[in-house]
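Report on the following structure.
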Amino acid sequence: MMLNALALWVLANWIIYGAVQRLVSLDHDHELQAGLMLVVALAGLVINVAAAGALYRSSRHSISVEGVFWHIMVDLVGSIGVIIAGLLTLLFDWDIADPIIGIVIAVLILFSSGRLAVMVFRVLLEGVPQRLDLYRLCSALEDVEGVTLVHDVHAWTITSGYDALTAHVLVDPDYAEGHASLLRRLRHIAYEEFGIHHVTLQLEASADECAEDHHVDHLEARTHAEARETNIGIRLTLPGSGNGA
């Protein structure tokens, strides 16, 4: 999919190069070129609209399909631009319309393909999925009875729409129920409430069992959030803290 993004960037630069060349030496055979432009562009527009409609839903769940979708969208926008340029050339004899609209289309391609490239980079670098609030997830798991601490948490995207999570869970030694039921409850939260598809949790009876670094940044974030809420509550209850104070 990174090749798709790079291909779109190459295409955009090629369009800009061609547009600049046309600006330098304009061809004045308006009627023939504009008429041919309109016929080809209208046919391309119909085909691209149908293809984009067929792929739109699937593109939201797969980077591969999204890459194809953006290629089609580039063609679709290009067809619209060619139609506008053809009409301006036929009706107003504006030779310059075609290269200018070509440059505008190229700039739109660069911006739209940038989003695809960022998504691919996040997957390759195993970054935390943008849609996932990791701190809220850890807090939800720690609110389950029997859980003392969630640490060494890692979340990443395997492919578009398929996220993975690994974490260590410190269990309260006095927890009476079995670890199997606790594990099912924790998995359910990750699966159902946060939409994570692949969950691996390691239950520990003692912190000494874990030799890895304890990544517990969510505790600091949660403490700050609770402190802010407490301060707001205190200010609201102080005399004269209402409107107009």
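The values are calculated or read from the model by the stated rules, or taken from the named source; none is laboratory data. Bear in mind that the values here come from a model prediction, so they are computed numbers and not experimental data. Virtual Cβ from ideal backbone geometry, glycine too; neighbours counted across all protein chains shown. Remember, those area values only see protein heavy atoms, side chains included, never the ligands or the DNA or RNA. Shrake-Rupley method; radii C 1.70, N 1.55, O 1.52, S 1.80 Å.
For the stretch 110-165, give me each residue that is under 22 Å from SER58 (Cβ atoms), in a helix (DSSP H, G or I) and either in contact with a strand residue (DSSP E or B) (Cβ under 9 Å, 6 or more places away or on another chain) or hydroxyl-bearing (Ser, Thr, Tyr) (or both). Residues satisfying the conditions are SER112, SER113, MET119, ARG122, VAL123.
If the condition is being within 24 Å of ASN4 (Cβ to Cβ) and either touching an Asp or Glu at 6+ places or on another chain (Cβ under 9 Å) or surrounded by 15 or more Cβ atoms within 10 Å (Cβ to Cβ) (or both), then the stretch 123-148 contributes VAL123, VAL128, PRO129, ARG131. ALA176 meets all of the listed conditions (1) surrounded by fewer than 13 Cβ atoms within 10 Å (Cβ to Cβ); (2) among the hydrophobic types (A, V, I, L, M, F, W, C); (3) in contact with a Phe, Trp or Tyr (Cβ under 7 Å, 6 or more places away or on another chain) but one, namely (3). Pairs linking a residue in the stretch 11-40 that is more than 15 Å from ASP75 (Cα to Cα) and in a loop (DSSP other than H, G, I, E, B) to a residue that is among the aliphatic types (A, V, I, L, M) and modelled with pLDDT of 70 or more, with Cβ atoms under 8 Å and 6 or more positions apart or on different chains, are LEU26/ILE96. Among the residues of the stretch 150-173, the one identified as surrounded by fewer than 20 Cβ atoms within 10 Å (Cβ to Cβ), small (Gly, Ala, Ser) and free of Cβ contacts under 8 Å to residues at least 60 places away in the same chain is ALA164. Based on this model, can you work out whether VAL120 counts as open to solvent by less than 80 Å² (accessible area, probe 1.4 Å) and under 30 Å from MET37 (Cβ atoms)? No. Filtered by the rule that a residue be at pLDDT 75 or above, farther than 26 Å from TRP70 by Cβ and either open to solvent by less than 80 Å² (accessible area, probe 1.4 Å) or not aliphatic (A, V, I, L, M) (or both), the stretch 1-34 gives a lone residue, LEU23.
With respect to ILE196, is the statement that it is touching a Pro at 6+ places or on another chain (Cβ under 9 Å) and either charged (D, E, K, R) or not in a strand (DSSP E or B) (or both) true? Answer is yes for this residue. Here the stretch 73-116 is the region considered, the condition is being touching a Leu at 6+ places or on another chain (Cβ under 6 Å) and not β-branched (Val, Ile, Thr), and the residue that is surrounded by the fewest Cβ atoms within 10 Å (Cβ to Cβ) is TRP94.
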